[in-house]
Amino acid sequence: MRSVVAVVGPTGSGKSELGIALAHALNGEVINADSMQFYRGMDIGTAKLAPAERGGVPHHLLDILDVRDEASVAAYQSQCRAAIDDVRSRGRLPILVGGSGLYLRAALDELEFPGTDAQVRSRLEEELERAGSEAMRRRLQAVDPVSAERLNDDRRLIRALEVHEVTGRPFSSFMPQRRYHQPAVQLGLSVDREKLRLRLAERVHAMAAAGLLEEVRALENEGLRDGRTAARALGYSQFLAVLDGTWSEADAVEDTIAATRRFVRRQLTWFRGDPRVQWLDWEDPELVARSVEAVNRSHRLS
């Protein structure tokens, strides 16, 4: 079996372009692994390639959710693996492209998802409102100290408590292992951080000039504020504040740049922590050829 290919790395590093080049070189099709590009209408702020920019390469799992919908890693695992099988059934190479680390791990690695219980979650959320984050964190510490140490936001804290109550197992026991579900090769784009910082600033300014505020205004009418995932996306939460009159557009741009840079640091930490990623220089003039060779080498070894 030919390996699944994943092009990974930080926002703004050129993953989309490399994915298309590899698809042309290796008879492949692209499968989206950017959780914000699941959303219909979230185009400018996610740097989603327009159909005319996709080089004639089929792209899968773009525009599959409304902005009111909540993205689900478990649902993505099922959808992505089905897309991989579909691409393979036509004799083509599946190429995952994106920077959403947990979604990529769900697609590529052996990863079990614990069940959910809406009533338990609702009760825990009410307890959070009454008791506060620290009290709930102490409760989690007693049953799952690993998760209590790792989780930094209330939503994931509640999820960890819910999982323990529903399954009797600590949430940390469900964390992904670095063991591929099927043969895979991950190609990571290694960046010059200062150059990327400048590129990200330019990109956010370009998004604003291209009409990000108008895109957010249109999505607000479709329920963007009701979406638990979409409304928190980089750029979208900031430009909602512009619509509220609490920020200027310049404020939103600067905060989006700062938030994007913080996100990139988290992405780099995530992907650098996986020793299986093969890193390639994003500015290498032979990037495509070296990427093709890395994929072919993995096929020879598998």
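Within the set of pairs 6+ apart or on separate chains, which have a first residue in the stretch 111-133 that is closer than 30 Å to Arg81 by Cα, a second that is among the aromatic types (Phe, Trp, Tyr), and C-beta atoms under 9 Å apart?
So the pair list comes out as Leu111/Phe174; Glu112/Phe174; Phe113/Phe174; Pro114/Phe171; Pro114/Phe174.
Does Ala230 meet the test of being small (Gly, Ala, Ser) and over 19 Å from the mean Cα position of the chain (by Cα)?
Against the criterion (small (Gly, Ala, Ser) and over 19 Å from the mean Cα position of the chain (by Cα)), Ala230 does not qualify.
Residue-by-condition table, conditions (1) of a type in the set (S, T, N, Q); (2) closer than 27 Å to Gly41 by Cβ:
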{"residue": "Arg137", "(1), (2)": "no, no"}
{"residue": "Leu140", "(1), (2)": "no, no"}
{"residue": "Asp153", "(1), (2)": "no, yes"}
{"residue": "Ala160", "(1), (2)": "no, no"}
{"residue": "His164", "(1), (2)": "no, no"}
{"residue": "Gly168", "(1), (2)": "no, no"}
{"residue": "Gln182", "(1), (2)": "yes, no"}
{"residue": "Val204", "(1), (2)": "no, yes"}
{"residue": "Val216", "(1), (2)": "no, yes"}
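Scan the stretch 62-76 and give yes if some residue there is under 20 Å from Leu22 (Cα atoms) and either at pLDDT below 95 or touching a His at 6+ places or on another chain (Cβ under 6 Å) (or both), otherwise no.
Taking every residue of the stretch 62-76 in turn, none turns out to be under 20 Å from Leu22 (Cα atoms) and either at pLDDT below 95 or touching a His at 6+ places or on another chain (Cβ under 6 Å) (or both).
Among the residues of the stretch 183-198, write down those that are part of a helix (DSSP H, G or I) and surrounded by fewer than 17 Cβ atoms within 10 Å (Cβ to Cβ).
Arg193, Glu194, Lys195, Arg197, Leu198
Looking only at residues in the stretch 244-302 that are of a type in the set (Gly, Ala, Ser) and assigned to a loop (DSSP other than H, G, I, E, B), which one is modelled with the lowest pLDDT?
It comes out as Ser302.
Restricting to the stretch 200-243, give me the number of residues that are basic (Lys, Arg) and at pLDDT below 95.
2
Applying the selection to the stretch 5-16, what residues are crowded, with 24+ Cβ neighbours inside 10 Å, in contact with a Lys or Arg (Cβ under 9 Å, 6 or more places away or on another chain) and more than 19 Å from Arg261 (Cβ to Cβ)?
Val7
Looking at the stretch 204-239, which of its residues are crowded, with 17+ Cβ neighbours inside 10 Å, touching a residue at least 40 places away in the same chain (Cβ under 8 Å) and part of a helix (DSSP H, G or I)?
Those that are crowded, with 17+ Cβ neighbours inside 10 Å, touching a residue at least 40 places away in the same chain (Cβ under 8 Å) and part of a helix (DSSP H, G or I): Val204, Met207, Ala208, Leu212, Glu215, Val216, Leu219, Leu224, Ala230, Ala231, Tyr236, Phe239.
Looking at (1) surrounded by fewer than 17 Cβ atoms within 10 Å (Cβ to Cβ); (2) within 26 Å of Gly12 (Cβ to Cβ); (3) out of contact with any helix residue (DSSP H, G or I) (no Cβ under 9 Å at 6 or more places or on another chain), which is the one condition that is false for Pro58?
The failed condition is (3).
Touching a strand residue (DSSP E or B) at 6+ places or on another chain (Cβ under 7 Å) and basic (Lys, Arg): is that true of Lys48 in this structure?
No.
What pairs come up if the first residue lies in the stretch 68-96 and is surrounded by 16 or more Cβ atoms within 10 Å (Cβ to Cβ), the second is among the hydrophobic types (A, V, I, L, M, F, W, C) and part of a loop (DSSP other than H, G, I, E, B), and their beta carbons are under 7 Å apart, counting only those six or more places apart or on different chains?
Close Cβ pairs (under 7 Å, with a partner that is among the hydrophobic types (A, V, I, L, M, F, W, C) and part of a loop (DSSP other than H, G, I, E, B)) amount to Gln77/Leu111; Gln79/Leu61; Cys80/Leu61; Ala83/Leu61; Leu96/Ala33.
Out of all the residues in the stretch 146-182, which are under 24 Å from Glu70 (Cα atoms), loosely packed, with under 14 Cβ neighbours inside 10 Å and not basic (Lys, Arg)?
Listed by number, the residues that qualify are Asn152, Asp153.
The values are calculated or read from the model by the stated rules, or taken from the named source; none is laboratory data. As the structure is a prediction and not an experimental result, all values here were calculated from the model. Note that each Cβ is placed from the backbone with ideal geometry, even for glycine, and that neighbours are counted across all protein chains shown.
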